[in-house]
Amino acid sequence: MARNKGNNHDETKQVLDSNVVMIDRISNLPHSIILHIFSLLPTVDVIRTSLISKRWRHLWNSVPALEFCDVGLEEQKFYNFVNKCLENRMIGKRRLNDLGINRFKIEMRCYGGRSVDVDRWLSFAVQQLLEELDLRIQPKTFCMPSFYYCIPSLTVLKLDGIELADEVFHNLIMGCPSLEKLFLHYCFGFCDLKVSSLNLKSFELIGVADSILVEAVNLQSFLLDTRGGDCDLNLVSCGNLRNLTLNCVDFFHIPNVEDVISELLILESLTVVDCNIRFIQYQYLKVLVLKTTIIEDDADEWNHKMEITVDTPNLVSLHYEDVNFTRKVLLNSPNLEEANIKLDYNGVRKKIDMNWYVDMIDFLSYFDCAKNLMFPKKLRKFCRSPLPNVKHLKVETRCELKSESLLRDALLWLSPHTQTLSIRSEENKALS
């Protein structure tokens with residue numbers, strides 16, 4: 001009986017399988033949607049789709065984006081592939097209804113110095129109605145040629161590891177009047193970097209220059225990472241800047257940086273990572289992020305004795321992250337609604353003794369104005385409660401909870417008037 005039952009099951013399964021109808025929904029999509037999907041893929045993958053469907057055999061010649069990366073390819077094969085693709089694209093443009101290319105990306109991690117080929121690729125790209133140009137070349141130096149001055153349709157420019165002379169870069173920016181987003185990552189060669197643009201809204205700069213002048217009245221977001229180097233910073237023409245991120249900016253070697261950012265009167269969001277900033281005073285600032293991710297030696301006196309004064313009357317959100325827990329934060333933010341505090345004790349090299357706990361309690365007392373407070377580690381206590389006005393307390397810890405009741409008692413002492421208490425352990429189990 002069991003065998004007959006099994007046979008009946010197999011027969012039923014075969015009948016069900018025979019009723020399954022495979023539908024190719026992708027091929028039935030409109031031409032414009034398929035082109036959009038292909039534009040999100042690397043060009044090598046788009047070309048491979050020509051083997052799947054006859055309809056797609058020549059479709060890649062109309063994709064409005066070309067993206068080339070040499071990962072996994074020998075140098076000569078990569079050059080041959082790009083040259084062949086661009087040659088076919090130019091032929092296809094004459095035969096097909098090709099509207100051109102709006103995005104062009106070249107990523108080379110094994111650049112061997114064949115600048116003539118790269119120059120030819122860029123010459124092809126700038127002849128299109130290009131909206132986005134992304135050029136990432138390493139490890140050898142590629143010098144941006146001086147003849148790419150006019151790309152009026154370009155809105156996004158990303159350059160990584162490119163050598164740029166001051167005059168070449170200035171002419172390039174002046175030839176891109178529609179530019180809205182600019183990314184300069186680890187580029188070099190310029191001494192006095194000047195960015196002048198009426199339409200620029202977002203600018204990211206990772207690198208070093210003797211001076212940085214940004215003239216962009218509509219700039220809304222700016223990220224600066226000087227890798228700890230010296231420079232003269234001027235943002236006087238960026239009065240509409242609302243989001244500012246500073247990474248590895250040495251406030252001691254760039255003494256005017258605090259004065260520069262203090263002139264940004266409508267700044268709403270400020271992120272400061274691995275910077276020795278001392279004063280943060282902004283009338284309209286709403287979001288503040290302070291991070292220290294570099295483990296400092298005990299001999300690093302400036303970091304261990306630094307005091308940060310935060311005077312932000314309209315601040316509503318604060319994220320504080322420190323792997324050293326050595327700096328004191330003097331906070332004046334009466335409207336603060338949420339404080340997210342992350343202290344990574346694995347980075348602390350000094351002994352955690354009773355004085356350390358006293359310093360921790362003193363540190364937390366400055367956040368008593370917050371309505372919601374999150375911090376990751378349990379605290380021991382023997383001073384007065386530092387958070388008497390906190391109503392909602394959430395604790396996240398990566399440590400294994402040996403005693404839930406002891407931790408709960410300690411937290412209730414820490415914030416005796418809390419109305420809700422949430423504890424989340426390493427096992428990701430919420431307790432309330």
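Once label points are set 7 Å from the Cα along Cα→Cβ at both ASN83 and ARG48, what is their separation, rounded to one decimal in nm?
2.5 nm
Bin width 5 Å, alpha-carbon pairs only: give the P(r) of segment 212-251 as whole percents, running from 0 to the bin holding the largest distance.
6, 23, 31, 23, 15, 2
Work out from phi, with θ = phi - 60° and the Karplus expression 6.51 cos²θ - 1.76 cosθ + 1.60, the ³J(HN,Hα) of each residue of segment 30-41, listed in order in whole Hz, and give x for Gly and Pro.
So the J values, rounded to whole Hz, are x, 4, 5, 6, 4, 4, 5, 4, 5, 5, 8, 9.
Count charges around ASP311 for me, please; just the other residues with Cβ under 15 Å from its Cβ, Lys/Arg as +1, Asp/Glu as -1. Numbers along the way, then the final one.
On the way: positive: ARG278, LYS286, LYS328; negative: GLU258, GLU307.
Local net charge: +1.
What is the distance, in nm, between label points placed 7 Å from the Cα along the Cα-to-Cβ direction at ILE37 and at CYS248?
4.1 nm
Please find the FRET efficiency linking ILE26 to LEU129, where r is the Cβ-Cβ separation and R0 is fixed at 22 Å, and quote it to the nearest 0.05.
Values: r = 27 Å, r/R0 = 1.24.
E(calc), rounded to 0.05, equals 0.20.
For a Förster distance of 22 Å, can you work out the FRET efficiency between the beta-carbons of SER262 and VAL316, rounded to the nearest 0.05?
Working: r = 20 Å, r/R0 = 0.93.
About 0.60, to the nearest 0.05.
Assuming a ≥ b ≥ c are the square roots of the Cα gyration tensor eigenvalues, decide whether segment 114-236 counts as rounded (a/c under 1.5), prolate (otherwise, with a/b larger than b/c) or oblate.
Values: a/c = 1.91, a/b = 1.22, b/c = 1.57.
Taking the square roots of the gyration eigenvalues as a ≥ b ≥ c, segment 114-236 is oblate.
Rounded to the nearest angstrom and ordered from largest down, what semi-axes does the equivalent ellipsoid of segment 114-175 get from its C-alpha gyration tensor (root of 5λ)? The partial results should precede the final answer.
On the way: eigenvalues 61, 37, 25 Å².
Largest first, segment 114-175 gives 17, 14, 11 Å.
Starting from the Cα of VAL116, step 7 Å along the direction of its Cβ; do the same at LYS328; then give the gap between the two resulting points in nm.
6.7 nm
Classify segment 171-296 from the C-alpha gyration tensor, please: rounded if a/c falls under 1.5, else prolate or oblate depending on whether a/b exceeds b/c.
Values: a/c = 1.81, a/b = 1.24, b/c = 1.46.
Because a/c hits 1.5 or more and a/b fails to exceed b/c, segment 171-296 counts as oblate.
Using modelled backbone amide H atoms (1.01 Å from N, in-plane), which distant-in-sequence or interchain residues come within less than 5 Å of TYR111's amide H?
Those qualifying (amide H under 5 Å, at least 5 residues apart or on another chain) are GLN138, LYS140.
Computed from the coordinates by the stated procedures, all read-outs in this text should not be read as laboratory data. Given the structure is predicted, the values throughout are model-derived calculations rather than measurements. Cβ atoms come from the backbone with ideal geometry, glycine included; neighbour counts cover every protein chain shown.
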